[in-house]
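Below: one structure, written as structure tokens.
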Amino acid sequence: MCTAPIAVFDSGLGGLSVLRELVRLMPGENFIYFGDSANAPYGCRSTEEIRRLTLNHAKRLFSQGAKALVVACNTATSAAIDELRRSYPHKIIIGIEPALKPAVDRFPGGKILVMATDATLREQKFAALLSRYAADCDIHKCPCPELVAFVERGELDSPKLHEVLRKELAGHLEPLPQGAVLGCTHYPFLKTAISRVLGEQCILFDGSEGTATQTRRRLELAGLLSPLEKGSICLENSLSEPRLRELALKLLELP
Ligand code: DGL
């Protein structure tokens, strides 16, 4: 049993889609959420830069006494999770990866899009994931570099977003896919707009629930779950703009 906080990290506000699930599953935990909005988007940075930023933030979060770190960012996970685990071999470190498995299980032989940042799609981790499932489905890689900025400014549905989505998804719409994997933690906040372009019958998959379940499982195994009935959430951001806090609270959809 341990009331030390669980640190949750993302390049910006996207990881709140994971924090939302973590809080739902473990309401008694204390959380520190750190969004690096000052440096977002990570998806167009080099692997070395993403690694450096992620390691710096992890160091600070562990020095604040975090009992676990959830890297709620597919891009940072792809670029830095191995190095993080090497640097902190005794810490619980959970990453997130595109939820391709549930999509392939649901639509064997079907057409599946994987929407993610350029960095996630170019990394070795994704190549390994793809090679596991490529034979079972018609999988399309779909980089969506412009979507993160919409979430960061709280523009979750607008004609401009619709236009950008149509542009980024063009070439993947005929025939429409059966499933789309939201391989960036920002994208679940754009589900309504994405569904409008891909069609309501296209099922959207994201890894937030799986990541939350895995985090609870690891804490339970280590005997580190919190005994509290209700925990707290501390929101931190590398940009000190009051509008970000308001937007974060809105995205978290907490009572
Ligand atoms: N939310 C992040 C992810 O899951 C990255 C967004 C970005 O900064 O490019 O990949």
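The values are calculated or read from the model by the stated rules, or taken from the named source; none is laboratory data. Only a predicted model underlies this, so the values are computations on that prediction, with no experimental measurement involved. Because the Cβ atoms are built from the backbone with ideal geometry, glycine has one as well, and the counts that use them run over all protein chains shown. SASA here: full protein model, heavy atoms, side chains in, ligands and nucleic acids out. Shrake-Rupley method; radii C 1.70, N 1.55, O 1.52, S 1.80 Å.
Rundown of residues vs (1) closer than 15 Å to residue 80 by Cβ; (2) touching a strand residue (DSSP E or B) at 6+ places or on another chain (Cβ under 9 Å); (3) assigned to a helix (DSSP H, G or I), yes/no style:
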site	(1), (2), (3)
3	no, no, no
9	yes, yes, no
12	no, yes, no
17	no, yes, yes
21	no, no, yes
41	no, no, no
45	yes, no, no
52	yes, no, yes
55	yes, no, yes
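Touching a residue at least 12 places away in the same chain (Cβ under 8 Å) and away from the ligand (no atom under 16 Å from the Cβ), is that true of residue 68?
Details: touching a residue at least 12 places away in the same chain (Cβ under 8 Å): yes; away from the ligand (no atom under 16 Å from the Cβ): yes.
Considered against the rule, which asks whether it is touching a residue at least 12 places away in the same chain (Cβ under 8 Å) and away from the ligand (no atom under 16 Å from the Cβ), residue 68 comes out as yes.
For segment 181-190, check the following and say yes or no: at least one residue is more than 16 Å from the ligand (Cβ to nearest atom), of a type outside the set (S, T, N, Q) and touching a residue at least 24 places away in the same chain (Cβ under 8 Å). Break it down stepwise before answering.
First, the residues of segment 181-190 that are more than 16 Å from the ligand (Cβ to nearest atom): none.
Scanning segment 181-190, I find no residue that is more than 16 Å from the ligand (Cβ to nearest atom), of a type outside the set (S, T, N, Q) and touching a residue at least 24 places away in the same chain (Cβ under 8 Å), so the answer is no.
Go through segment 1-41 and report how many residues are polar (S, T, N, Q) and farther than 18 Å from residue 241 by Cα.
First, the residues of segment 1-41 that are polar (S, T, N, Q): 3, 11, 17, 30, 37, 39.
Pick out the ones that are also farther than 18 Å from residue 241 by Cα and you get 3, 17, 30.
Here the count works out to 3.
Which one of the conditions (1) open to solvent by 40 Å² or more (accessible area, probe 1.4 Å); (2) among the β-branched types (Val, Ile, Thr); (3) under 18 Å from residue 118 (Cβ atoms) does residue 47 fail to meet, given that it meets all the rest?
Of (1) open to solvent by 40 Å² or more (accessible area, probe 1.4 Å); (2) among the β-branched types (Val, Ile, Thr); (3) under 18 Å from residue 118 (Cβ atoms), only one is false for residue 47: (1).
Please work out which residue is nearest to residue 29 (Cα to Cα), limiting yourself to segment 71-99 and to residues that are within 16 Å of the ligand (Cβ to nearest atom) and assigned to a loop (DSSP other than H, G, I, E, B).
So, considering only residues that are within 16 Å of the ligand (Cβ to nearest atom) and assigned to a loop (DSSP other than H, G, I, E, B), the one nearest to residue 29 (Cα to Cα) is 72.
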